[in-house]
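Heads up, the thing below is written out as structure tokens.
The values are calculated or read from the model by the stated rules, or taken from the named source; none is laboratory data. None of these values were measured; they are calculated from a predicted model. Only protein heavy atoms, including side chains, enter the accessible area calculation; ligands, DNA and RNA are left aside. Shrake-Rupley method; radii C 1.70, N 1.55, O 1.52, S 1.80 Å.
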Amino acid sequence: MATELTKTQWIEILLNRELTIELDLSIFQALYSFEDHKAYASQIGVILGYKGKRRCGQLNLEIGRYAKRIAKYYDIGFTERSNRK
């Protein structure tokens, strides 16, 4: 079982329309627009037009779905969360 993806695998992922949908690409584009390519989910949610108090909730769900698609395709095991991180 793999634990890390190579640069080549990431290129394959980004080009694979079964793994990477338009929303995923929009998330990456929004993230790339921030300094050092770091942002809170709520900041990206604003760019993507999410409404409500917890804009990050919808985004976090999509990131989770994306990660699961990738993990299934590449047989990657998730690590346990510690301290809610």
For this session: At a temperature of 20 °C and a viscosity of 1.002 mPa s, determine how fast the chain diffuses translationally according to Stokes-Einstein, using the Kirkwood radius over alpha-carbon pairs as Rh; express D in µm²/s, rounded to the nearest whole number.
Result: 152 µm²/s
Seminar exercise, completed: Close lysine pairs (the chain; alpha-carbon distance under 20 Å; 8 or more apart or on separate chains) counted at 5
Seminar exercise, completed: In the chain the accessible area split gives carbon plus sulfur, as whole percent at 1.4 Å, a share of 54 percent
For this session: With an 8 Å cut-off on Cα pairs and a minimum separation of 6 or more residues, tell me the relative contact order of the chain in percent.
Result: 35 percent
